């Protein structure tokens, strides 16, 4: 099993979610989710990714993740009946891992089905099979059992803004990418929505 890749990023193919990393003269092709793609340096720079290798008769496919929590979530998703690597990547690309985790904890089927490829039955399986296994990836409470994790709290404005953009007809992945590209410190949801809309309209014109 290849557990980690450390080398030079040669190429990123955002449309297909693939990257090429040179490790001492050997080029490794990896498939990565959007949450990892957005954390990558510019081509030519050093990169380190946590990896998961899937071996099948027709291919050996290497998946790369910026954080160990992303890889852990990917592995948990693969344990769900009917969820393969392609859908697991789509889930991690369709919304932030923390928000995906939150939707599962809250039985939020409607939010889960907004992700491409996720139907109601798959969303229900995610909730039933994952709900009790997520604490080891994204702890929800402190030692007193009362406080929600700061990572989830910090992501709430982005979650609400993304949901508003989805309601306006934008794809979940496009909405999330645009909001992250803002690099805004604002926690005001209407402000985030306006900023994202301006950028999305400008990019489409």
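Could you please give the count of residues in the range 28-62 that are within 13 Å of the chain's Cα centre (by Cα) and in a strand (DSSP E or B)?
Residues in the range 28-62 being within 13 Å of the chain's Cα centre (by Cα) and in a strand (DSSP E or B): 1 in total.
Which condition from (1) closer than 20 Å to residue 176 by Cα; (2) more than 18 Å from the chain's Cα centre (by Cα) is the one that residue 104 breaks?
Looking at each condition in turn, residue 104 falls short on (2).
When you scan the range 24-34, do you find a residue that is closer than 17 Å to residue 180 by Cβ and either at pLDDT below 90 or out of contact with any strand residue (DSSP E or B) (no Cβ under 9 Å at 6 or more places or on another chain) (or both), even just one? Before the answer, list the steps.
Looking only at the range 24-34, we keep the residues that are closer than 17 Å to residue 180 by Cβ, and these are 32-34.
So of that shortlist, the ones also either at pLDDT below 90 or out of contact with any strand residue (DSSP E or B) (no Cβ under 9 Å at 6 or more places or on another chain) (or both) come out as 34.
Within the range 24-34, one or more residues are closer than 17 Å to residue 180 by Cβ and either at pLDDT below 90 or out of contact with any strand residue (DSSP E or B) (no Cβ under 9 Å at 6 or more places or on another chain) (or both).
For residue 88, state whether it is assigned to a helix (DSSP H, G or I) and crowded, with 20+ Cβ neighbours inside 10 Å.
Against the criterion (assigned to a helix (DSSP H, G or I) and crowded, with 20+ Cβ neighbours inside 10 Å), residue 88 qualifies.
If I ask for residues that are part of a helix (DSSP H, G or I) and surrounded by fewer than 17 Cβ atoms within 10 Å (Cβ to Cβ), which ones from the range 128-137 would you list?
128, 129, 131, 132, 133
Being under 11 Å from residue 64 (Cβ atoms) and touching a helix residue (DSSP H, G or I) at 6+ places or on another chain (Cβ under 7 Å) is the filter here; which residues of the range 19-48 pass it?
31, 33, 36 - these are the residues of the range 19-48 that are under 11 Å from residue 64 (Cβ atoms) and touching a helix residue (DSSP H, G or I) at 6+ places or on another chain (Cβ under 7 Å).
Looking at this structure, is residue 76 loosely packed, with under 13 Cβ neighbours inside 10 Å and farther than 20 Å from residue 160 by Cβ?
No, not satisfied.
The values are calculated or read from the model by the stated rules, or taken from the named source; none is laboratory data. Predicted, not measured: the structure shown is a model, and the values here were computed from it. All Cβ positions, glycine included, derive from the backbone under ideal geometry; neighbour counts span all protein chains shown.
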